[in-house]
Amino acid sequence: MKNGSINIPPPAAGLATIGDAAVCPVPQSPDLSGITVVALHPQPLLADYLAALPLARAEAQARLGDCMLLSWYDRDRAFEAPQHVSECHKASALPGYVDYAALRGATLKIDIESGRFVFFHRTMD
């Protein structure tokens, strides 16, 4: 400390600064532009997740062929898979299940009943 001020070392390369202090860069959301969104509104409304899953699977296979379910969300039960992926995203604009799927190559989002059930898929290539 010199004359009542604190000596702050210069920031490491690649870090942003505010004044003389280094700050961590703000994480960016993944690019979702490569994900096709399909909205389904079945009538009558689906009973639950167990009714939504085969509908989503059939739609994904029709559009992608051999594919894999990466993540999903069930608003009725406030449940997501993989479990607990949103715990690290509490301050994020994206729920964890969306980020998880996007970062693992999702190409298809099936949104059933306006977000009641959401499924992310990718091809098996």
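General remarks:
- Potential extension, Asp125-Ser92 segment - 0.36 nm per residue separation minus Cα distance: 8.9 nm
- Rounded, prolate or oblate (a/c below 1.5 giving rounded, otherwise prolate when a/b exceeds b/c) for region 26-123 by Cα gyration tensor: oblate
- Here the 3J(HN,Hα) profile of region 102-109, calculated from phi with Karplus coefficients 6.51, -1.76 and 1.60 at θ = phi - 60°, is 4, 6, 10, x, 4, 10, 9, 10 Hz, Gly and Pro shown as x.
- Within region 94-118, backbone nitrogen closer than 19 Å to the virtual label 7 Å beyond the Cα of His84 toward Cβ: 95-101
Each value in this text was obtained by applying a stated rule to the coordinates, not by laboratory testing. Note that the structure is a prediction, hence the values are computed from the model and not measured. Counting neighbours? That spans all protein chains shown, and the Cβs are built from the backbone with ideal geometry, glycine included.
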